Amino acid sequence: NACYGGQAAGLAVLSWVESDRWDGRYGLAIATDISESHSTALFTVGAACTGTLYFPEAPVAHHSHRASAILHRLDFFKPVGWKSMAPIVDGKYSIDAYMTCIELCYATLRKKMNDRPIFSVTDYNVFHTGGGFHVIKKAFERMCRADDPSSSYDYKQQLVQTRLIPSCHLLKIIGPCHTVSSFLNISSVIMSEWEKALGKVLIVFTYGSGCAASMYQLRFDDLAWMQPLNTWKIGFYRNAIHMPPSTQIHDVYIATWMKFDYRPCGRELFGIDPWKYELDAYYLMEIDKWGRRFYHRGGVIAPELDKQYKLRVDQAEGRPKRRFWKMVTDKEPEPEKPLEDHWKQTEYDMTYDAAEFEEEEVVEEVVAKGNPGHKIVTVEVRSSRPGIEVLEHDGLDHTYQIVGSWSGYNEAEDMEEDDGVHQYTVTVGENGWEEFYLLQDNDRDRKIFPAVERSWKGKPCLGPHVGGSKLKRWRIDARDVDGNVEEDIGKPGDQYLVTFSWRKGSLKSLEWDRLDGERGDYRRGEYFLAGSWTCWDFVPMQASGDGNWQVEAQVTSLGLEFLLARDQDIAQLICPEVRTDLDGRPAEAGTQESPVLGPDTRADSIQDAAKWKVDGGLGDVFKISFRRDPADPELMEVTWERTGSRPVTEPEPRYFLVGERNRWGRDGFVEMVRIGQTSNYSCNLELQDRQEAFRLVLFKRLDMSFRPDKQDCSQMQAHEVLGPGPAGDDQCWAIGKAAADKAKAGDTFAVVFDAASKKVTWRKL
């Protein structure tokens, strides 16, 4: 009886295991089928194979009574020699036979159960699926009416969600599978409900045209050896080949019915990459002139079978060898992308970082089979990342401004437009180089900047975009040093014409050329000091003429270590030349005899840069001097002298949070604010992940850290707060480690430090 065959095999194996003839071996019932149809009815297409193991004390046990119905119906059959792969179907007649069997099985089973409503003693419903979901929904509604004729529409819809939908997840993904469908839908309940199904009862209706049907019950006594639904989905879709809804490749498969002397052509006809074949799957290679079908594992990309697998019968029957079929031995290289496409992809990846547009949602948490102390968590990652077409020019007219180091990045100056090309003349200042970026329409959130730090001309451009915390810039470098391009070499005062163009349908382009013989005036910079006593914040130095700058400082418990910067710009640091370690970090402090380097990018952060150190006693006052020769700006000198002594004035303590978000201080610090006149200091922290580690530091000094004596410590754990002092890499607190934090990415927590009792706490805002 067609689709009933798989279930008949299962019930036969069950009867054997339950009989006195059972010899202790497990029974296996295999059901396999394929539902084929024309491409216009793909909702009726599906294929699957299941193996069901029968043994005593199984996790899903046959339970209580069952009922069957057998009728004489010609509702789905193939006459001998039928021309089509699909059978003769009378839709209305077939559905009537299906519904009649449901009513007969339900009535018989209810009678065996002393007229008890079946829904009152069962929890889930599974139906045989010969068509789509709409058919079994109608079948379920008919069963609802038989069970409780007075039930309301809303109550029935609630039952659909709780009793029926759990059995339909695989059906909606794979499609109807005829003989396999009841086993597949049972699997759907097991995989989707998992431990929630324990102790509950499932009622199954299985059917086959002709027609035969049974209705029986299963009880969930334990977790079955299957994967949770969402874990299964990951593996199922991993190697899936995406086809558009309009595909007609299925029609080529249907055409193999009754074919002779035929070789499959569907994948080649529809341009499917042969390297998407599964190496452990068998593919039809040929139907010969006698109708024999030949399959090969791995299809056209697999090598010929090893000699050990060849049979004498292959030669005796004249079976074709692997080499007679088309073989694909070399994977074609990906076509070369034009340079413009590479640049466009680079801009897209750097402007719209995929990780920044991803949102995670926990879609399933289930107990691990065989390890109840562990959970299997499935997380769905959704992306709101825009398409690459967002980088295209919008076709509107725009103005462009240039923002450069010559103005301390404080002024946005208009570029002149000439036939779609925007121009600006840059005069190189006393550093011998200038850096800049562009704005569109004078909007600081619409920056245009290069893809690499200190970029030369003619390289990929990014934007318009906000630019991020570490904005990359172009650099015109006129110095005669190793690595600089000959055509750019000049001296302070030389001028360069910067040109920018961006037309619809083309890439952004930025170039410059030195203007031979053209000279201009340039601004002299101002100089600032950042020191251990300033908490590494920049403070201005006082100009005293002829390139001289001074500042006064007193020796406190924080010592006197410092560096300088032009225009408070970290890309224009002035540091001593000192010996470095193998990692390139300073291994010693600078002295008055140390050569002066800069202004330039000397390190990623102030903390990583080389510094001068002044030796003196507590209370000693020093005048720190810096001189840059106006006639030759490359000549620089840093000196200091003791000018006296006075009672020590210690700075007020300042506390900062460092963690993974700011590379433990290398990308900045989050300052904590004192709460009134108390000893408490607080700051807010927005989580970038479900768990975030941090520690506290005093005066931005990483050697003055406050940290727990445990790794990734929660505020619930008993621990001792150590410090101030150097911290080990694993000594930190972790928000989100404790379940009580209820933390997820995007949540904001208030972190509080009680400096008097050295206690750290946090709470979710």
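The values are calculated or read from the model by the stated rules, or taken from the named source; none is laboratory data. Keep in mind that this is a model prediction, so the values were computed, not measured. Cβ atoms come from the backbone with ideal geometry, glycine included; neighbour counts cover every protein chain shown. Surface areas here come from the heavy atoms of the whole protein model, side chains and all, with no ligands, DNA or RNA. Shrake-Rupley method; radii C 1.70, N 1.55, O 1.52, S 1.80 Å.
With the dipole of the chain worked out from charges on the C-beta (+1 for Lys and Arg, -1 for Asp and Glu) around the Cα centre, which of GLN161, ASN442, THR100 lies farthest toward the positive end?
The Cα lying farthest towards the positive end belongs to THR100.
Could you work out the per residue convex hull volume over the alpha carbons of segment 400-547, in cubic angstrom?
So the per-residue Cα hull volume is 148 Å³.
Tell me the relative contact order for segment 277-365 as a rounded percent, counting alpha carbon contacts under 8 Å between residues six or more apart.
Result for segment 277-365 is 20 percent.
So for segment 79-169, Kirkwood radius off the Cα pairs, Stokes-Einstein at 4 °C and 1.567 mPa s: how many µm² s⁻¹?
The diffusion coefficient I find is 88 µm²/s.
Work out how far the C-alpha atoms of the chain reach from end to end along every principal axis, then list the three figures in whole Å, largest first.
113, 65, 58
Taking loop as defined by DSSP and a crowding limit of 15 other beta carbons within 10 Å, which chymotrypsin sites (Phe, Trp or Tyr not before Pro) in segment 236-307 fit?
Answer in residue order: TRP257, PHE260, PHE270, TRP290.
Which whole-percent values make up P(r) of segment 512-558 when all C-alpha to C-alpha distances are grouped in 10 Å steps starting at zero?
The distribution over segment 512-558 is 20, 33, 21, 16, 8, 2, given as percents.
Which order do MET85, MET716 take by accessible area at a 1.4 Å probe, largest first?
Numbers: MET85 15, MET716 135 Å².
These residues rank, largest area first, as MET716, MET85.
Quick check of the Kirkwood formula: for segment 1-105, what is the inverse mean of 1/r over all pairs of different Cα atoms, in Å?
For segment 1-105, inverting the mean 1/r across all distinct Cα pairs yields 16.6 Å.
Divide by every residue of the chain the summed helix terms, -39500 (n - 2.57) for each DSSP H run of at least 4, and state the resulting mean residue ellipticity at 222 nm, rounded to the nearest 500 deg cm²/dmol.
Here the helix-only value at 222 nm equals -4500 deg cm²/dmol.
For segment 431-472, what log10 I(q)/I(0) values come out of the Debye formula at q = 0.17 1/Å, with one point per alpha carbon and no solvent?
Log10 of I(q)/I(0), two decimals: -0.44.
For segment 318-439, what is the relative contact order in percent, using Cα pairs closer than 8 Å and at least 6 residues apart in sequence?
16
Computed FRET efficiency, Cβ-Cβ of PHE324 and ILE88, R0 60 Å: what is it to the nearest 0.05?
The pair PHE324/ILE88 has a calculated efficiency of 0.95.
Loop only by DSSP, 11 or fewer other Cβ within 10 Å of the Cβ. Give me the trypsin sites (Lys or Arg not before Pro) in segment 43-144 that pass, ordered by residue number.
Within segment 43-144, the qualifying trypsin sites (Lys or Arg not before Pro) (loop, at most 11 other Cβ atoms within 10 Å) are LYS83.
Suppose the Debye formula is applied to equal point scatterers at every Cα of segment 559-707; what is log10 I(q)/I(0) at q = 0.10, 0.19, 0.20 Å⁻¹?
Debye curve over Cα of segment 559-707, log10 I(q)/I(0) at q = 0.10, 0.19, 0.20 Å⁻¹: -0.47, -1.26, -1.30.
With a 1.4 Å probe and all protein chains left in place, how much of the accessible area of the chain comes from carbon and sulfur atoms, in whole percent?
After summing per-atom areas, the C and S share lands at 50 percent.
How many nm separate the modelled label positions at HIS134 and LYS491, each set 7 Å beyond the Cα in the direction of the Cβ?
It works out to 8.6 nm between the two label points.
For segment 553-641, how big is Rg over Rh, using alpha carbon atoms and the Kirkwood form of Rh? Could you put the intermediate results ahead of the total?
Details: Rg = 13.3 Å, Rh = 13.7 Å.
Value, to two decimals: 0.97.
Within segment 658-765, which trypsin sites (Lys or Arg not before Pro) sit in a loop by DSSP and count at most 13 neighbouring Cβ atoms inside 10 Å?
Filter output for segment 658-765: LYS742.
Quick one: divide the alpha-carbon radius of gyration of segment 354-457 by 2.2 N^0.38 Å and tell me what you get.
Values: Rg = 23.7 Å, N = 104, 2.2 N^0.38 = 12.8 Å.
Against the empirical 2.2 N^0.38 Å value, I get 1.85 for segment 354-457.
What spacing in nm lies between the two simple spin-label points modelled at TRP275 and ALA316, each 7 Å away from Cα in the Cβ direction?
A separation of 4.2 nm, rounded to one decimal place.
Would you tally the net charge around ASN239, using a Cβ to Cβ cut-off of less than 13 Å, leaving ASN239 out, and scoring K and R as +1, D and E as -1?
Net charge around ASN239: 0.
What value does segment 366-419 have for Rg/Rh, both radii from Cα atoms and Rh as Kirkwood defines it?
Result for segment 366-419 is an Rg/Rh of 1.49.
To test your reading of the geometry: what angle, between 0 and 90 degrees and rounded to tens, separates the Cα axis of helix 133-147 from the longest principal axis of the chain?
With both axes taken from Cα atoms, the answer is about 60 degrees.
Which percent of the Cα-Cα distances in segment 470-569 go past 22 Å?
57
Using only C-alpha positions, report the orientation-averaged shadow area of the convex hull of segment 668-765, nm², one decimal.
That works out to 6.1 nm², a quarter of the Cα hull's surface.
Averaged over all directions, how much area does the convex hull of the C-alpha atoms of segment 290-332 cover when projected, in nm²? Before the final figure, lay out each step's value.
Numbers: hull surface 14.7 nm².
Seen from a random direction, the Cα hull of segment 290-332 projects 3.7 nm² on average.
Tell me, what is the percent relative contact order of the chain, built from C-alpha pairs under 8 Å that lie six or more residues apart?
It rounds to 6 percent for the chain.
Taking a 1.4 Å probe, which of THR499, THR399 shows the most accessible area, and what order do the others take after it?
THR399, THR499
Could you give the spread of the C-alpha atoms of segment 221-298 along their three principal axes, from largest to smallest, in whole angstroms?
Rounded to whole Å, the extents work out to 53, 30, 22 Å.
At 25 °C and 0.890 mPa s, grab the translational diffusion coefficient of segment 587-626 from Stokes-Einstein with a Kirkwood Rh over Cα pairs, rounded to a whole number in µm² per second.
For these conditions, the coefficient is 201 µm²/s.
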